[in-house]
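A quick write-up on the structure given underneath.
The values are calculated or read from the model by the stated rules, or taken from the named source; none is laboratory data. All values derive from a computational prediction rather than experimental measurement. Please note: Cβ atoms are built from the backbone with ideal geometry, for glycine as well, and neighbour counts cover all protein chains shown.
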């Protein structure tokens, strides 16, 4: 841009083009050697090697979402699938603890000091919201524990905060579901903490199925999740919730909803849905009831 043109003044196309010459550089002829031969088609060839980039196009800007995940979180790509192209995810992990997926692990993951430290690690690229992406860590200590987690994130300097379990409650309110069936990969003691958390928000769990896994949850196949959802479903259940951010669900949510005729929501889905809602954006998904109804309400 010319230094004499003020910011915001309309650009002149002739001055606002960046010319990138992709023609390979040629060394000058050696002393005493003949000049390289030229022909009439040379200029045409050169033009094919020029790329024009117009500065009339704005540089695409990115909004950022910070993600605090458990040390064993293996599904970064799953979260990205709900993100619009102009939203970046900044992901960090909580410290490793040498325990299986039990109440003890969930309690360790909910440590407020560790969550605050992880949040501060994310603040340099200026995320607009920080999401705590762990279901069990955000429900293990009940309603008060989830509230304290959000407080830890905000006190560490995040401009806004969401947790997976807090997002679950918001999602259930959005789809108007108060009686649900629950599918988890957990052992019974962890699943019971989820049911207690839901009860603290006046959500009734009409049935639950737990897979009883202590590790490697991210390896659970879609077929196993689908079967567990079918086993958990009851006529009185207004929706199904699939817990744990280490369970793959993106591709099966919409087909399950068509099969069951009711909403199916999942941990990663509600986490990204709530984080994007917090910055005035919408999740990317086709045929997922929670996302579709939010888009319709916004329209």
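General remarks:
Per-residue answers, yes or no, for (1) free of Cβ contacts under 8 Å to residues at least 24 places away in the same chain; (2) over 20 Å from residue 162 (Cα atoms); (3) in a helix (DSSP H, G or I):
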{"position": "77", "(1), (2), (3)": "yes, no, yes"}
{"position": "85", "(1), (2), (3)": "yes, yes, no"}
{"position": "89", "(1), (2), (3)": "no, no, no"}
{"position": "92", "(1), (2), (3)": "no, no, no"}
{"position": "98", "(1), (2), (3)": "yes, yes, no"}
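- Within the range 138-164, residues that are touching a residue at least 60 places away in the same chain (Cβ under 8 Å) reach partners that are outside any helix (DSSP H, G or I) and surrounded by fewer than 17 Cβ atoms within 10 Å (Cβ to Cβ) with beta carbons closer than 8 Å, at six or more positions or on different chains, in the pairs 158/123; 160/279.
- Identity of the residue in the range 102-124, crowded, with 20+ Cβ neighbours inside 10 Å and out of contact with any helix residue (DSSP H, G or I) (no Cβ under 7 Å at 6 or more places or on another chain), that ends up farthest from residue 142 (Cα to Cα): 122
- Test: residue 171 is more than 29 Å from residue 257 (Cβ to Cβ), crowded, with 19+ Cβ neighbours inside 10 Å and touching a helix residue (DSSP H, G or I) at 6+ places or on another chain (Cβ under 7 Å): no
- Among the residues making up the range 128-149, those that are surrounded by fewer than 24 Cβ atoms within 10 Å (Cβ to Cβ) and at negative phi are 128, 129, 141, 143, 144, 145, 147, 148.
- Number of residues in the range 31-69 that are out of contact with any strand residue (DSSP E or B) (no Cβ under 7 Å at 6 or more places or on another chain) and modelled with pLDDT of 95 or more equals 0.
Conditions tested, residue by residue: (1) outside the structural domain of residue 291 (by TED's automatic domain parsing); (2) assigned to a helix (DSSP H, G or I); (3) modelled with pLDDT of 95 or more; (4) closer than 22 Å to residue 201 by Cα.
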| position | (1), (2), (3), (4) |
| --- | --- |
| 125 | no, no, yes, no |
| 131 | no, no, yes, yes |
| 138 | no, yes, yes, yes |
| 147 | no, yes, yes, yes |
| 162 | no, no, yes, yes |
| 169 | no, yes, yes, yes |
| 172 | no, yes, yes, yes |
| 180 | no, no, yes, yes |
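- For residue 99, the criteria (1) over 22 Å from residue 220 (Cα atoms); (2) surrounded by fewer than 17 Cβ atoms within 10 Å (Cβ to Cβ) hold in every case but one, which is (1).
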